[in-house]
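Asks: Right, I'll just put the structure down here and ask away after.
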Amino acid sequence: MKSDLQQDVILDPDTLPSHVAIIMDGNGRWAKKRLMNRIKGHEHGSDAVRSIVTAAREVGIKVLTLYAFSTENWARPKYEIKALMMLLKKFIISQRSELSRNNIRLDIIGQKYKLPLDVQKEIDTTIDLTKKYDKMLLNLALSYGAREEITTAVQNIAKKIESKEIAVKDITHDLICDHLYTRHMPDPDLIIRTSGEYRLSNFLLWQAAYSEIFISDTLWPDFSREEFIEILKNFQKRDRRFGKVPCSTSTDG
Ligand code: IPE
Ligand code: IPE
Ligand code: MG
């Protein structure tokens, strides 16, 4: 039986973004507004994650990347980092059956080695358990920073030149893409940022070259599947020109 969401949503499958990436921001402010501890905001933020993962799968998004922890977030207070890692572990474990039931593969981008060992272990188990699923890729950006990603890519390319595996002339856009964490996925068609901040905060800087950007004022814990669908509808009305002239412009004259 179709869920309510599937029955209500009319999205043109031909113009659906293949890859949606979300900067999930505003958990702290959500908690502050309610005179709660920031950690409460992160807890409610994980509930929003669950509902958006389900919504994305139901509408047919192929890749959903969620910015969950940045390389810069390591500078937050120790107790907040600890709570975020605990919530992450809980999420990874509790989502296993849901991911399997819904044919969703989990993967991560970022410095996995920097995460606590117990979290790494649970991530590896879930990645392994879901590796055959192909309805959607849920890609969590963890200890992710685009500058770190690009720096590591440059180092790895330089090593290959040093060992004469490749030559300088072999450095192309494609070669660079092949050295990024996102090598196996398309660039994000749509990047959503919640909480009304107009910045990328070191997220997918190379891959965002032609992404459509949508800023929502909603704080992440309040971000709903209804708003997500509205943003997808907004995306479908946009004219993506990629530097060319608009589709409606005649090229004959
Ligand atoms: C996003 O919410 C979650 C992470 C960055 C881990 P914040 O914790 O940044 O919330 P605000 O921006 O302080 O409201
Ligand atoms: C971006 O949010 C990182 C994540 C959502 C994980 P931040 O709250 O860390 O970004 P800034 O500090 O406002 O730029
Ligand atoms: Mg923030």
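Only the coordinates and a few stated rules stand behind these numbers; no lab work does. Please read these numbers as outputs of a predicted model, since none were measured by experiment. Please note: Cβ atoms are built from the backbone with ideal geometry, for glycine as well, and neighbour counts cover all protein chains shown.
Asks: Given the -39500 (n - 2.57) contribution per DSSP H run of 4+ residues, what per-residue ellipticity at 222 nm results for the chain, rounded to the nearest 500 deg cm²/dmol? Walk me through the numbers before you get to the answer.
Replies: Working: 9 runs with 105 residues, N = 253.
Only helices count here, giving -13000 deg cm²/dmol.
Asks: Something else now. Step through the table entries LYS78/LYS112; LYS40/LYS121; LYS62/LYS131; LYS40/LYS82; LYS90/LYS131, compare each Cα-Cα distance with 22 Å, and write down the pairs that go over it.
Replies: The pairs that break the limit, which is 22 Å between Cα atoms, are LYS40/LYS121.
Asks: Would you give the gap between the C-alpha center of the range 50-68 and the C-alpha center of the range 154-233, rounded to a whole Å?
Replies: Centre-to-centre distance over Cα atoms comes out at 16 Å.
Asks: May I pose another question? Let me see the pair-distance distribution of the chain: every alpha carbon pair, 10 Å bin width, integer percents in order.
Replies: Calculated over all Cα pairs of the chain, the distribution is 6, 28, 35, 21, 8, 2, 0 percent.
Asks: What's the extension gain from SER224 to CYS177 if we count 0.36 nm per residue and subtract their Cα-Cα distance?
Replies: Details: separation 47, 0.36 × 47 = 16.92 nm, distance 3.25 nm.
Gain on stretching SER224 to CYS177: 13.7 nm.
Asks: Order 48-56, 10-18, 195-203 from most to least packed using the mean count of other Cβ atoms within 10 Å. Write down the numbers at each step before the final one.
Replies: Values: 48-56: 19.8, 10-18: 12.6, 195-203: 14.6.
Answer by packing, highest mean first, reads 48-56, 195-203, 10-18.
Asks: If you don't mind, another one. Using R₀ = 25 Å, calculate the FRET efficiency as 1/(1 + (r/R₀)^6) where r is the Cβ-Cβ separation of ASP12 and ARG76; round to 0.05. Can you show the working numbers first?
Replies: On the way: r = 41 Å, r/R0 = 1.63.
With R0 = 25 Å, the Cβ-Cβ based efficiency is 0.05.
Asks: Just the number: Rg to Rh for the range 7-146, Cα atoms, Kirkwood Rh, two decimals. Walk me through the numbers before you get to the answer.
Replies: Details: Rg = 15.4 Å, Rh = 15.8 Å.
My calculation puts Rg/Rh at 0.97.
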